[in-house]
There are 2 protein chains.
Amino acid sequence: MIIQKSSNPRISSFDPTSFSFGNTFIDHMIICEYNNGKWGDLQLVPYGPIGFTPAMMGVNYGQACFEGMKAYKDKDGKVFLFRPEKNAERINKSAKRLAIPEIPKEIFMEGLKTLVDIDRDWIPHGEGMSLYIRPLLFATEEALKARVSEKYLFAIVATPAKSYYAAPVSVKISDHYSRSANGGVGFAKAAGNYAASFYPTQLAIEEGYDQIIWTDDSTHEYFEESGTMNVFVRINDTIYTPKTSEKILDGVTRDSFLQLAKRRNLEVVVGDVKVSDVIAAQRNETLKEVWGVGTAVVTSIFEALGYNDEHLLLPKLSEEESFAAMLKKDLTDIQTNQAEDPFGWRVLVEEQVYDL
Amino acid sequence: MIIQKSSNPRISSFDPTSFSFGNTFIDHMIICEYNNGKWGDLQLVPYGPIGFTPAMMGVNYGQACFEGMKAYKDKDGKVFLFRPEKNAERINKSAKRLAIPEIPKEIFMEGLKTLVDIDRDWIPHGEGMSLYIRPLLFATEEALKARVSEKYLFAIVATPAKSYYAAPVSVKISDHYSRSANGGVGFAKAAGNYAASFYPTQLAIEEGYDQIIWTDDSTHEYFEESGTMNVFVRINDTIYTPKTSEKILDGVTRDSFLQLAKRRNLEVVVGDVKVSDVIAAQRNETLKEVWGVGTAVVTSIFEALGYNDEHLLLPKLSEEESFAAMLKKDLTDIQTNQAEDPFGWRVLVEEQVYDL
Ligand SMILES: Cc1ncc(COP(=O)(O)O)c(C=O)c1O
Ligand SMILES: Cc1ncc(COP(=O)(O)O)c(C=O)c1O
């Protein structure tokens with residue numbers, strides 16, 4: 001691994017109590033180039049621009065996928081990643097579907113740990129605070145031919161993330177737009193999936209909603225995901241979530257929620273979640289909670305569902321009554337080293353001395 | 001418009017009889033930045049890199065769309081574009097669906113004409129020769145938030161294109177993979193659509209096919225497109241092509257073929273093209289031709305269809321018998337100023353003197 005530290009670090013001007021999430025970048029980034037059929041040297045370099053012409057295939061043909069994960073700092077300053085091997089596996093599932101060469105897990109993990117270690121001072125500590133980490137893979141060959149690229153970049157960039165209270169949101173159950181096709185790329189964290197979701201989301205916002213519950217494109221009768229989260233429904237005391245498929249992203253938070261729910265002996269059904277069943281449950285008042293889960297906000301509680309022209313309210317549960325709130329706490333306590341981790345999900349980022 | 005000519009033009013080393021399509025770039029490119037809610041100055045600059053970090057939203061969230069069009073040089077050296085306003089309109093349809101700000105038609109047209117004019121020496125002349133032009137729009141803000149970007153780049157890059165004989169190809173009728181969802185982005189020239197098609201195409205190639213006939217994702221019973229082309233089927237002497245929809249790109253070549261077919265009083269049906277009807281016609285020998293159309297190769301003739309595990313051969317028609325060949329000649333004669341243009345499709349690129 002080649003390490004080139006910034007000669008101009010910005011960390012001293014970083015204020016962990018006041019920063020802008022998403023565009024405050026840590027001092028370094030990881031890059032690794034793919035060319036001539038193989039991955040080159042893993043490099044840690046100062047965060048900054050790389051030169052690309054507008055013929056770069058990544059922006060022309062969308063051969064690009066990414067991951068989203070976090071590092072947490074505990075009260076003693078120890079730094080942990082959460083189930084990072086899941087992200088390493090998933091970026092390669094995405095890569096395969098997009099005909100991008102897979103990034104060896106060792107390169108992914110070494111890049112990740114080195115970056116987080118060297119820039120550990122950028123990780124804010126405190127309730128809900130973390131470092132949001134973005135590994136990505138994209139085509140870099142410059143050529144105007146709609147075919148698989150011969151050059152790629154693997155990169156990891158990161159931004160400090162704030163605790164942010166996620167206010168309950170209203171979500172529209174999609175009756176026209178969709179995010180995945182059968183035989184498509186919905187299960188992949190493909191760049192193009194996100195762009196495709198923006199316009200429908202804008203329309204939902206104009207209708208007074210905050211985000212969309214995506215339904216299957218053929219019939220709009222089944223829940224798929226919500227915004228960029230997996231979705232859970234609670235009817236009486238049973239939790240339902242769609243099973244993952246080629247149309248649904250296999251979320252790390254979703255999987256963790258399922259395991260935490262089982263540990264609490266909650267009844268969980270993983271399978272088809274029918275829109276009509278959810279609506280019927282709302283009408284007969286057995287629908288208790290609907291929520292989304294993902295790395296970014298952990299849990300987003302829904303307060304209302306938009307269904308056709310109806311605005312259906314959900315009960316307001318207390319923190320004690322809410323399964324969503326309970327499982328969120330179970331999860332964040334493990335992530336931030338405030339609870340035992342019987343699952344072995346936390347991965348300590350050790351402090352290394354780098355010979356530069 | 002700001003014009004900054006290359007101080008180091010490569011045109012003198014360009015050999016129009018021997019060059020590589022797709023990665024031989026003309027001396028200049030067009031760029032125009034969107035920021036603070038508006039498009040800035042249109043600029044012609046030397047072709048070359050622009051700096052982006054890996055946090056660039058275009059490669060993270062796939063907010064990117066493009067066009068493909070050509071300029072042709074006639075025997076007197078006059079240069080023509082073909083229906084460029086169609087591409088200006090279509091890039092904005094794509095942009096809208098991807099929540100990218102539309103590029104004003106005047107900026108698009110002025111950039112296009114100036115680039116083609118200034119680099120007109122790069123346009124090879126001769127049968128099938130042209131300049132392939134790539135206008136594109138992509139998100140350039142550097143931020144790790146899955147939301148609409150606030151900065152964009154409009155660019156035009158171009159590469160000389162060779163006459164290339166398109167050998168008849170075998171195509172697989174897709175029975176699993178698909179390129180568009182209902183309520184998705186199939187009608188847009190969205191970057192992500194292309195990446196999504198590469199892996200299924202690779203699998204088809206491994207099965208001995210050259211490309212895929214995409215079918216609807218819900219039932220795989222209807223033709224949509226073929227590879228990156230629109231698709232035509234001829235049964236007896238009637239031509240069929242799917243009607244455009246939110247799942248099908250509205251191709252300029254397709255539209256031109258339809259108008260040229262009508263001018264020849266051919267019977268044309270625009271509507272559902274059922275896989276089962278095409279297969280039945282192949283079996284009873286009324287299926288005469290199946291072909292794809294698009295700017296890149298104009299026409300690609302199919303010699304065989306893969307349907308489930310069958311490899312169904314198509315008749316080999318002579319140039320005189322083939323509607324595909326006939327309409328292709330009608331079209332290219334107009335494009336290259338070898339025939340009258342009653343449709344007003346050709347647009348002359350005038351030679352300007354630039355005050356630099
Ligand atoms: C489409 C989509 N679904 C679900 C998720 C949740 O996945 P995870 O829990 O791994 O963050 C994400 C990513 O955050 C996503 O982009
Ligand atoms: C998916 C797709 N379909 C069809 C076409 C044909 O469109 P046009 O004739 O405008 O080139 C293209 C572009 O070439 C395409 O990318």
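The values are calculated or read from the model by the stated rules, or taken from the named source; none is laboratory data. Since the structure is predicted, the reported quantities are computational estimates derived from the model, not experimental observations. As a convention, Cβ positions derive from the backbone with ideal geometry for all residues, glycine included, and neighbour counts pool all protein chains shown. The protein model used for the area step is the full one, side chains on, heavy atoms only, and it has no ligands, DNA or RNA in it. Shrake-Rupley method; radii C 1.70, N 1.55, O 1.52, S 1.80 Å.
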Item checked: Dipole magnitude of segment A:161-237 about its Cα centre (Cβ charges: Lys, Arg +1; Asp, Glu -1), debye to nearest 20 -> 380 debye
Checklist line | ³J(HN,Hα) computed for each position of segment A:132-139 - Karplus, 6.51 cos²θ - 1.76 cosθ + 1.60, integer Hz, glycine/proline x | finding: 8, 10, 10, x, 8, 10, 8, 6
Check: How long are the three semi-axes of the equivalent ellipsoid of the protein assembly as shown, in whole Å, if each is the root of 5 times an eigenvalue of the C-alpha gyration tensor, listed from largest down?
Finding: 46, 32, 22
Item checked: Built amide H within the under 5 Å cut-off of B:Ile239, gap 5+ -> B:Glu267, B:Val268, B:Val269
Next item on the list: Report the antiparallel proportion of the DSSP beta bridges in segment A:177-310 as a percent, rounded to a multiple of 5.
Entry: 85 percent
Next item on the list: Would you mind checking which residues have amide H under 5 Å from B:Glu225's amide H? H placed 1.01 Å from N; only 5 or more apart, or other chain.
Entry: B:Trp214
Check: Ordered by residue, what ³J(HN,Hα) values in Hz, to whole numbers, does segment B:178-195 give under the Karplus form 6.51 cos²θ - 1.76 cosθ + 1.60, where θ = phi - 60° and Gly and Pro are x?
Finding: 8, 9, 9, 9, 4, x, x, 10, x, 6, 8, 8, 7, 3, x, 4, 6, 4
Item checked: Estimated buried accessible area (total), pair B and A, 1.4 Å, Å² to nearest 100 -> 5000 Å²
Checklist line | Long-range Cα-Cα pairs in segment B:203-350 (distance over 29 Å), rounded percent | finding: 16 percent
Checklist line | Count, lysine Cα pairs under 16 Å in segment A:169-335, 8 or more residues apart or across chains | finding: 9
Notebook entry, point to check: Across the residues of A:145-157, average count of Cβ atoms on other protein chains within 10 Å?
Noted result: 4
Notebook entry, point to check: About its Cα centre, how strong a charge dipole does chain A have in debye, to the nearest 20, once Lys and Arg get +1 and Asp and Glu get -1 at the Cβ?
Noted result: 560 debye
Item checked: Residue-by-residue Karplus 3J(HN,Hα) for segment B:43-59, coefficients 6.51, -1.76, 1.60, Hz, glycine and proline x -> 10, 9, 9, x, 4, x, x, 10, x, 9, 7, x, 8, 4, 5, x, 8
Notebook entry, point to check: Taking the Cα centre of chain B as the origin and placing charges on Cβ (Lys, Arg +1; Asp, Glu -1), which of B:Cys32, B:Thr159, B:Gly22 is farthest toward the positive end of the dipole?
Noted result: B:Cys32
Next item on the list: Take peptide A:171-182, look around each residue's Cβ out to 10 angstrom, count Cβ atoms belonging to other protein chains, and average those counts.
Entry: 4
Next item on the list: May I ask you to order B:169-180, A:250-261, B:302-313 by the average number of other C-beta atoms within 10 Å around their residues, highest value first?
Entry: B:169-180, A:250-261, B:302-313
Checklist line | Amide H partners (placed H, <5 Å) of A:Met29, local residues excluded | finding: A:Val45, A:Tyr47
Note to self: How high is the relative contact order of segment B:2-162? Use alpha-carbon pairs under 8 Å, at least six apart in sequence, and give a whole percent.
What the structure shows: 34 percent
Check: Among B:Pro104, A:Ser245, B:Gly251, whose Cα lies farthest out toward the positive end of the dipole of the protein assembly as shown, if unit charges sit on the beta carbon of Lys, Arg (+1) and Asp, Glu (-1)?
Finding: B:Pro104
Checklist line | Spread of Cα-to-Cα distances over 20 Å intervals beginning at zero, given as percent, for chain A | finding: 28, 57, 15, 0
Next item on the list: Enter the mean number of other protein chain beta carbons within 10 Å of the beta carbon of each residue in B:44-54, as an integer.
Entry: 6
Check: Can you list, shortest first and in nm, the gaps between the label point of A:Leu348 and those of its counterparts in the other copies, using a point 7 Å from Cα in the C-beta direction?
Finding: 7.9
Notebook entry, point to check: Which value results for Rg/Rh of segment B:2-162 when Rg is the Cα radius of gyration and Rh the Kirkwood radius based on the inverse mean 1/r?
Noted result: 0.98
Note to self: Is there a quick way to get the dipole size of the protein assembly as shown? I mean about its Cα centre, with the Cβ of Lys and Arg at +1 and of Asp and Glu at -1; what is the value in debye to the nearest 20?
What the structure shows: 480 debye
Note to self: Compute the helix-to-body angle for A:84-97: its Cα long axis versus the longest principal axis of chain A, expressed 0 to 90° and rounded to tens.
What the structure shows: 90 degrees
Check: Angle, helix A:323-335 long axis vs. longest principal axis of chain A, Cα atoms, 0 to 90°, nearest 10?
Finding: 20 degrees
Check: Can you give the calculated 222 nm mean residue ellipticity of chain A, where each DSSP H run of n ≥ 4 adds -39,500 (n - 2.57) and the sum is split over every residue, rounded to the nearest 500 deg cm²/dmol?
Finding: -7000 deg cm²/dmol
Next item on the list: May I ask which residue of chain B has the beta-carbon nearest to the axis carrying chain B onto chain A, and at what distance in whole Å?
Entry: B:Gly192, 1
Checklist line | Surface share of carbon and sulfur [accessible, 1.4 angstrom probe, percent] for segment B:169-335 | finding: 47 percent
Next item on the list: Using the heavy atoms of the protein chains and a 1.4 angstrom probe, tell me the accessible area per residue for segment B:2-162 in square angstrom.
Entry: 35 Å²
Next item on the list: Return the whole-Å distance between the Cα centroid of segment B:281-320 and the Cα centroid of segment A:12-76.
Entry: 46 Å
Note to self: Helix A:105-118 against the longest principal axis of chain A: what's the angle in degrees, Cα atoms only, rounded to the nearest 10?
What the structure shows: 80 degrees
Next item on the list: Determine Rg/Rh for segment B:146-277; Rg is computed over alpha-carbon atoms and Rh is the Kirkwood hydrodynamic estimate from the same atoms.
Entry: 1.00
Next item on the list: For segment B:120-158, run through the GluC sites (Glu not before Pro) and keep only the ones in DSSP coil with at most 14 other Cβ atoms within 10 Å of their Cβ.
Entry: B:Glu127
Notebook entry, point to check: At B:His311, label 7 Å along Cα→Cβ: distances to the other copies, nm, ascending?
Noted result: 6.2
Checklist line | Proximal charge balance of B:Val273 [Cβ under 15 Å; K/R count +1, D/E count -1] | finding: -2
Next item on the list: Output the peptides A:94-107, A:62-75, A:336-349 sorted from most to least packed, where packing is the average of other Cβ atoms within 10 Å over each peptide's residues.
Entry: A:62-75, A:94-107, A:336-349
Notebook entry, point to check: By its C-alpha gyration tensor, with a ≥ b ≥ c as the square roots of the eigenvalues, how is segment B:132-183 shaped: rounded for a/c under 1.5, else prolate for a/b larger than b/c, else oblate?
Noted result: oblate
Check: Per the Kirkwood treatment, what hydrodynamic radius in Å, one decimal, follows for segment A:78-164 from the mean inverse distance over all distinct Cα pairs?
Finding: 14.5 Å
Note to self: Taking a point 7 Å out from Cα toward Cβ as the label site, list the nm distances between B:Asp15 and the same residue in every other copy, smallest first.
What the structure shows: 6.3
Next item on the list: Give the relative contact order (percent, whole number) for chain A; include only Cα pairs under 8 Å separated by 6+ residues.
Entry: 18 percent
